[in-house]
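Have a look at the structure below, then the notes.
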Amino acid sequence: MNLRFLEAFVWVARFGSFKAAADKLHTTQTAISARIATLEEQFGVRLFERDKRHVALTHSGRDLLGYAEEILAVSARMMDAVADRASHRGTVIVGAIETVVHTWLPELLRRFGERFPQATIELRSNSTQALHEELLKGHLDLVFTADELPEAAIENQHVCTFSVDWVAGAALAEAHDDDVFDRQPVLTFLPGSFIHRDAAAKLETRPAARINPISALAAMVALLRSGYGVATLPHAAIQREVQAGDLILLHLKPPLDPMPVFASLRAHSDSPLVPALVSLSEEAVRAFAARSPPGTLIAAG
């Protein structure tokens with residue numbers, strides 16, 4: 001049985017679209033339709049119900065999907081075990097929250113490039129919630145986020161934990177009393193994020209506190225440098241600014257909870273590059289942690 005036909009079937013099932021599957025596999029809708037038609041002829045059953053707007057798996061299609069994903073996953077593991085890794089080609093689309101982008105992700109990309117020089121990574125940075133949605137839709141192969149994705153088809157692996165601190169610009173060096181929450185806006189990440197949830201919980205007894213969600217870490221740093229606000233930020237992501245004296249850590253109460261990072265991927269990944277990236281992320285975390293202030297980044301395990 002042709003693995004390309006099974007691959008086409010799996011991606012049509014995941015996307016619910018022949019066009020999206022064709023775009024993913026860099027081919028045409030006609031080619032995808034031909035592969036599905038061949039599979040249906042081989043099995044003697046219809047695999048999809050089609051109309052002008054929708055594509056849905058039939059009962060036989062649902063039965064085949066698990067087997068197809070397992071076959072592709074075994075094929076990927078076999079290629080990774082036997083083939084010359086330096087010759088691996090393909091593109092992996094990776095999503096990561098900003099804290100990861102500003103810390104150990106460059107180290108991960110460097111190590112990946114050395115091990116798989118013929119492969120390519122496409123990077124998307126967004127909130128945890130948005131990245132989870134894109135992973136479930138099949139638009140991403142792997143995400144690094146601050147929450148596990150509780151879905152049966154998804155495998156989650158704890159990668160590291162970041163310490164999170166109250167932070168201000170040097171102009172607020174004397175702002176070490178808890179009343180600063182009543183005088184300065186609190187800058188944090190978007191609602192729904194791990195850090196925003198924690199900050200909101202810690203400040204719920206202070207009705208005068210103003211939480212200002214901001215989507216970009218760099219924007220928060222720029223505002224802090226100007227003397228505007230107090231922020232909740234992972235120390236490892238701003239260690240250069242802290243070492244330079246542009247930003248200061250405020251020893252305020254209550255302290256903030258440390259933020260975990262998880263790698264989330266489909267349990268039956270059809271690319272050997274995805275599990276390899278997860279393994280390399282552990283190496284990248286340890287390397288970055290060795291260069292960071294003690295306790296600011298802790299590798300899992």
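Numbers for the structure displayed
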item: In the range 82-137, residue modelled with the highest pLDDT [restricted to those that are acidic (Asp, Glu) and within 18 Å of SER279 (Cβ to Cβ)]; result: GLU107
item: The range 155-196 - residue that is under 30 Å from ALA289 (Cβ atoms), surrounded by fewer than 19 Cβ atoms within 10 Å (Cβ to Cβ) and of a type in the set (A, V, I, L, M) and, of those, modelled with the lowest pLDDT; result: ALA173
item: Hey, ARG35 part of a loop (DSSP other than H, G, I, E, B), not assigned by TED's automatic domain parsing to the domain that holds ALA153 and not small (Gly, Ala, Ser) or not; result: no
item: Residue in the range 142-152 that is within 15 Å of LEU252 (Cβ to Cβ) and either of a type outside the set (A, V, I, L, M, F, W, C) or in a loop (DSSP other than H, G, I, E, B) (or both) present; result: no
item: Enumeration of residues in the range 126-171 that are of a type in the set (Phe, Trp, Tyr) and in contact with a Gly (Cβ under 8 Å, 6 or more places away or on another chain); result: PHE144
item: Only one of ALA152, ALA219 that is surrounded by fewer than 18 Cβ atoms within 10 Å (Cβ to Cβ), under 30 Å from LEU280 (Cβ atoms), among the hydrophobic types (A, V, I, L, M, F, W, C) and in contact with a Leu (Cβ under 9 Å, 6 or more places away or on another chain); result: ALA219
item: Wholly enclosed strands (runs of 3 or more DSSP E) of the range 212-301 bearing at least 3 residues closer than 27 Å to GLY138 by Cα and in contact (Cβ under 8 Å) with a residue 60 or more places away in the chain; result: 259-266
item: Positions within the range 197-231 being at pLDDT below 90 and of a type in the set (A, V, I, L, M, F, W, C), in sequence order; result: ALA208, ALA209
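The values are calculated or read from the model by the stated rules, or taken from the named source; none is laboratory data. Note that the structure is a prediction, hence the values are computed from the model and not measured. Note that we place each Cβ from the backbone using ideal geometry, even for glycine, and neighbour counts take in every protein chain shown.
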